[in-house]
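Asks: Have a look at this one.
The values are calculated or read from the model by the stated rules, or taken from the named source; none is laboratory data. Keep in mind that what you see is a predicted model, and the values were worked out from it rather than measured. Glycine also receives a Cβ, built like all others from the backbone with ideal geometry; neighbour counts cover every protein chain displayed.
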Amino acid sequence: MHNRKMWALSLVLVLVMAMLSACSMGESMANTCEPEISTDLALEAQNAGMAGMAAGKVEWNESHLSSFLTVLLQQNTGSNFPVDAIHACVEPGGNIALHVQLKDDVLLGGDSLSVAGTIGVTDGSVSVDLTEVSGNGFVASSALLAPINAQVNAALAGAITGLPVSVETTDDTLTISLGGM
């Protein structure tokens with residue numbers, strides 16, 4: 001009996017060490033920005049998205065994307081929502097970063113989380129490749145992010161199927177087009 005407990009404890013310790021080895025100490029290397037966030041900009045982004053669905057092309061700048069994400073999450077999660085703002089930063093080459101500003105005392109030692117990667121098209125669907133997630137002084141490696149990428153891309157692949165899609169990023173702007181427009 002004692003021998004089985006030791007094996008179980010050893011297995012748990014090996015799994016914990018493997019997970020910790022996928023993280024390192026440090027700061028996020030993701031691009032940063034501080035776009036304006038407001039309910040009015042979120043409504044403009046929502047209207048642009050609805051018009052884009054009809055026209056086949058939507059363009060959002062960093063302020064529209066940040067406002068839309070922040071207000072949408074605040075409205076759908078209630079008063080206990082621990083996030084003050086989400087800053088979406090867009091650069092050429094499909095690079096995108098989300099910096100989540102948390103309310104006070106959500107995490108000990110830090111007040112923000114960052115997610116960075118690229119956005120593009122894979123097999124005709126919008127896809128993301130997260131390359132870095134950081135928070136509270138820890139940075140996760142790509143090995144730890146592979147299952148997260150798989151889950152996000154599976155959800156995105158089911159959103160729009162059978163239509164040609166293109167994604168383009170420039171400084172400050174994300175453009176998603178349907179039908180090769």
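Asks: Answer with yes or no whether Asp129 is charged (D, E, K, R), surrounded by 14 or more Cβ atoms within 10 Å (Cβ to Cβ), out of contact with any Pro (no Cβ under 6 Å at 6 or more places or on another chain) and under 21 Å from Ser177 (Cα atoms).
Replies: Judged against the criteria, Asp129 is a match.
Asks: Applying the selection to region 42-99, what residues are without any contact (Cβ under 8 Å) to a residue 24 or more places away in the chain, out of contact with any helix residue (DSSP H, G or I) (no Cβ under 7 Å at 6 or more places or on another chain) and acidic (Asp, Glu)?
Replies: Across region 42-99, the qualifying residue is only Asp84.
Asks: Whether any residue in region 48-57 is crowded, with 21+ Cβ neighbours inside 10 Å, closer than 18 Å to Thr170 by Cβ and not aromatic (Phe, Trp, Tyr) is what I want to check.
Replies: No - not one qualifying residue is present in region 48-57.
Asks: I'd like the full set of residues that are acidic (Asp, Glu) and part of a strand (DSSP E or B), limited to region 110-156.
Replies: If the condition is that a residue be acidic (Asp, Glu) and part of a strand (DSSP E or B), then Asp129, Glu132 are the ones that fit.
Asks: I've got another one for you. Taking the residues in region 153-181 that are of a type in the set (A, V, I, L, M) and surrounded by fewer than 16 Cβ atoms within 10 Å (Cβ to Cβ) as candidates, determine which candidate is modelled with the highest pLDDT.
Replies: Ala154
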